[in-house]
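Down below is the structure, laid out as structure tokens.
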Amino acid sequence: MVATLEDTKRQAIATKLADMKALQNLLIANEQLFINSCNDSELAQRFRDMLEDDRKNLGVLETTIVQYGIQTEPKETTTKMIEEVQKLMQGSELTMFEKVAQHELLKHKQTMSGLLIHKAAQVVGADIEAAITPLNTVNFENRAHQEQLKGVLEILGVRELTGKDPDQGVWARVQDAMAAMTGIIGGAVTRSKDEMNITEIISMDHRKADTLFMEIASTDDPQKLQEFFGQLYKDLSVHAEAEEQVVYPAIRSYYSNTQELYDEQAEMKQMLAKIKSMSPSSPEFKAQIKQLQTAVQDHVKEEENDMFPQIRRNLSEAQMEQMATQFKAAKSTIQQEMAKMS
């Protein structure tokens, strides 16, 4: 399949997500440096709290990238910028105030990147909106961190200029600002869990597939059909392979219909291969998609109505989260392998 304009937009969003992941690692490294070099116990605790959030948010970003389904590298300019900032943060040229000021700017950049991805998703496709839902957590907490960093900068700046502490009401003002921000943003941003379990992550894949089927049904434009099926093909192929590597072998001992799930996915793969060989402008294309949708929906019902209860009955929440981590890692590896072959 040739690339379409929409494919190019999807790739651009993937690159922006890769930029965010690279920048998230820089934010974590910065906060660790601040903790190690800060003599003020209260400020150090603020940085520890941010560090804990940012480590969790790195995992959320990794989940978002896997669910999005396109693995790529950050822009070269982003990589260079990060290297330059790392040198400044590790050196002695900047004061603590100046380093934290740079850090606050990076937080702003990260916040804007997350918000832009959401806006771009609204333009490009509903399936992208479904895939990037976990990003809400990162966007929300980055905005909260910006407000906290304003308070940190006020304290550091006054100390640097005068050698004295500022009015300690600064934290009350920061908390007021955060409360106001929560009221404004909280209604528009639904926060997700820091760790998703295996049933939740599989359900996200199912909902994204549902959305792609709806997008295919809503258009007769051959380029759009090509774009949406191309994404559906990749998503279903990766999802099926990851389930067969991670989930099905683990549940075979207590789920008696496991072989049926393997057989259903083998049939689905054959249908995907057949549709992939067809032209989107063929009269049979959408009819074959409809058959595929019926097969996928039947498979989804079996997993969500039968397999999920068995998983919940036999595994603890921690074990389900661990399986989700393994599932996401498998998806990431398969996506990378598919990208090399394309």
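Tabulated data for the structure shown
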{"read-out": "Accessible solvent surface per residue of the chain, calculated while the other protein chains remain in place, 1.4 angstrom probe, Å²", "value": "48"}
{"read-out": "Total lysine pairs whose alpha carbons fall under 26 Å of each other in region 238-342 (8 or more apart, or interchain)", "value": "24"}
{"read-out": "Computed [θ] at 222 nm, helices only, for the chain once each DSSP H run of length n ≥ 4 contributes -39500 (n - 2.57)", "value": "-27000 deg cm²/dmol"}
{"read-out": "Percentage relative contact order, region 93-171, counting C-alpha pairs under 8 Å, at least six apart", "value": "36"}
{"read-out": "Probe 1.4 Å - accessible area at Phe140, Å² to nearest ten", "value": "20"}
{"read-out": "Protection-proxy order for peptides 290-301, 73-84, each taking the mean of Cβ atoms within 10 Å per residue, highest first", "value": "290-301, 73-84"}
{"read-out": "Most fluctuating residue given options Asp235, Asp306, Asp205, as computed from a GNM of the chain linking Cα atoms under 10 Å", "value": "Asp306"}
{"read-out": "Within straight-line cross-link reach of Lys150, lysines at Cα separation under 27 Å, skipping those fewer than 8 residues along the same chain", "value": "Lys16, Lys21, Lys56, Lys80, Lys87, Lys99, Lys107, Lys109, Lys119, Lys164, Lys193"}
{"read-out": "Within the accessible area of the chain (1.4 Å probe), percent carbon and sulfur", "value": "52"}
{"read-out": "The chain - percent relative contact order, Cα under 8 Å, separation 6 or more", "value": "20"}
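The values are calculated or read from the model by the stated rules, or taken from the named source; none is laboratory data. As the structure is a computational prediction, the values presented were derived from the model and not from experiment. Neighbour counts are summed over all protein chains in view; Cβ atoms, including those assigned to glycine, are modelled from backbone coordinates with ideal geometry. In case anyone asks, the SASA skips ligands and DNA or RNA and just uses the protein heavy atoms, side chains included. Shrake-Rupley method; radii C 1.70, N 1.55, O 1.52, S 1.80 Å.
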